[in-house]
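Asker: Starting off with a structure, shown below.
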Amino acid sequence: MMIERIERELEPLRKNLQEHPVYQSIDSIADIRLFMEQHVFAVWDFMSLLKQLQIELTCTTTPWRPSGHPAAARLINEIVWGEESDVNRKGEAMSHFEMYLEAMNSLEASTTGINTLMKQLDSGKSIQEVLKNTTLPPSISSFLDFTFEVVETKQPHIIAAVFTFGREDLIPDMFIEIIKNIKAPLGEDLSDLIYYFERHIEVDADEHGPMALEMVSQLCEGDSLKYEEATLYSKRALELRIGLWDGILETLNKSISV
């Protein structure tokens, strides 16, 4: 099957991510804070991929009309429900992004960077304008640039492939590696962060990951060109994720030498 072929082509990049030295470099509260302050941008922009898929695969205007993708619409609506309105460890309705901010606040990690970006968007600036004039590290700005390039294609099979192979299908592997390193006693309360990671593993590995793979298959419709585009964009997504991890590792190494 073509999905298995895509997965085989992406395996070397996935392996590089799974074995990335950034995981072994996180061994203190200060490291966790630095990691979260950069990783939060990937938690945030993930939602734009998700919402663009919802726009493309469901009807979000009135008067309502059938979307033409009922099976894919069901999949994406279930994923949106879980990502945008899950529950935190206190049982309160909350998006996964908000859970991440909650965990950052509990560990006193700085949210200045992500809050500044959000305020600029709230002021009416486009994401392209914000990124053009950003002071964010290149590893983050390049990652975000690509995400919104994908969003702007408005091609469901491309967006779904990046969402699945570059983000959703990858998340359990990455978060398991991080948890292995931070669950050791550190004298700090990591409850909110660990809940966030474990919730992602539980939902993505058991539910959203397999659903997303099925969605890509449906949207490529057996078209070899669509599968080729899905593969190319997915490779780029993984390369930029590696770049993001490289940037975080560089920040961690700099903090050690200070």
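Asker: Check cross-link reach from K15 to the aspartates and glutamates: straight Cα distance under 18 Å, and skip same-chain residues fewer than eight apart.
Answerer: Result set, ordered by chain and number: E4, E7, E168, D169, D173, E177, E239, D246.
Asker: When the dipole is taken about the Cα centre of the range 34-182, and only Lys, Arg (+1) and Asp, Glu (-1) are charged at their Cβ, what size is it in debye, to the nearest 20?
Answerer: 280 debye
Asker: Could I ask something else about it? Give the long-range amide H neighbours of M94: residues separated by 5 or more places, or on another chain, with amide H under 5 Å away, using H modelled in the peptide plane at 1.01 Å from N.
Answerer: For M94, the qualifying residues are D86, V87, N88.
Asker: Once the cut-off is 17 Å, how many percent of the Cα-Cα pairs in the range 1-48 end up in the long-distance tail? Numbers along the way, then the final one.
Answerer: Details: 654 of 1128 pairs.
Across the range 1-48, Cα pairs with separations above 17 Å total 58 percent.
Asker: May I ask you to order 69-82, 33-46 by the average number of other C-beta atoms within 10 Å around their residues, highest value first? If you can, show how the numbers build up before the last one.
Answerer: On the way: 69-82: 17.1, 33-46: 20.3.
Sorting 69-82, 33-46 by mean packing, highest first, produces 33-46, 69-82.
Asker: Mind listing the phi-derived Karplus ³J(HN,Hα) values for the range 129-145, rounded to whole Hz, using 6.51, -1.76 and 1.60 with θ = phi - 60°, and x for any glycine or proline?
Answerer: The phi angles translate into 5, 4, 6, 5, 10, 7, 9, 5, x, x, 4, 7, 5, 5, 4, 5, 3 Hz.
Asker: Any idea which of N88, F35, L121 is furthest toward the positive side of the dipole for the chain, if Lys and Arg beta-carbons carry +1 and Asp and Glu beta-carbons -1?
Answerer: Working it through, the farthest residue towards the positive pole turns out to be L121.
Asker: Taking 0.36 nm per residue of separation and subtracting the Cα-Cα distance, what length does fully extending A30 through K132 add? Working shown, then result.
Answerer: On the way: separation 102, 0.36 × 102 = 36.72 nm, distance 2.96 nm.
Gain on extension, A30 to K132, equals 33.8 nm.
Asker: Nearest 500 deg cm²/dmol is fine: what mean residue ellipticity at 222 nm does the chain get from its DSSP H runs of n ≥ 4 alone, each adding -39,500 (n - 2.57), divided by its residue count?
Answerer: Values: 12 runs with 181 residues, N = 258.
Mean residue ellipticity, 222 nm, calculated: -23000 deg cm²/dmol.
Asker: Extent of the range 50-176 along each principal axis, from alpha carbon coordinates, in Å, largest to smallest?
Answerer: Each principal axis gives a Cα extent; for the range 50-176 these are 45, 38, 32 Å.
Asker: Ok, one more. Above 14 angstrom, tally the Cα pairs of the range 120-160 and express them as a % of all pairs, no decimals.
Answerer: Working: 423 of 820 pairs.
The share of Cα pairs beyond 14 Å in the range 120-160 comes to 52 percent.
Asker: Please work out how much length the chain gains when fully extended from E19 to S255, using 0.36 nm per residue of separation minus the C-alpha to C-alpha distance, in nm with one decimal.
Answerer: Values: separation 236, 0.36 × 236 = 84.96 nm, distance 2.16 nm.
Gain on stretching E19 to S255: 82.8 nm.
Asker: Report Rg/Rh for the range 1-119, rounded to two decimals, where Rg is the Cα radius of gyration and Rh the Kirkwood radius.
Answerer: Details: Rg = 18.1 Å, Rh = 17.2 Å.
Rg/Rh for the range 1-119 comes to 1.05.
Asker: At a Cα cut-off below 22 Å, give the lysines reachable from K154, other chains included and same-chain residues fewer than 8 away excluded.
Answerer: K51, K125, K132, K226, K235
Asker: Something else about it: Just subtract the alpha-carbon distance of D122 and S67 from 0.36 nm times their residue separation and send over the number in nm, one decimal. Could the numbers behind the result be given before it?
Answerer: Numbers: separation 55, 0.36 × 55 = 19.80 nm, distance 2.99 nm.
Extending this stretch completely gives an extra 16.8 nm.
Asker: With a cut-off of at most 12 other beta carbons within 10 Å, and DSSP calling the residue loop, which GluC sites (Glu not before Pro) in the range 89-146 qualify? Please list them.
Answerer: Values: sites: E92, E98, E102, E108, E129; in loops: E92, E108.
Here the GluC sites (Glu not before Pro) that fit, given the DSSP loop and packing criteria, are E92, E108.
Every number in this text was worked out from the coordinates using simple rules, so none of it is lab data. Values in this document were obtained by computation on a predicted structure and should not be read as measured data. Don't worry about glycine lacking a Cβ; one is built from the backbone with ideal geometry, like all the others, and counts go over all protein chains shown.
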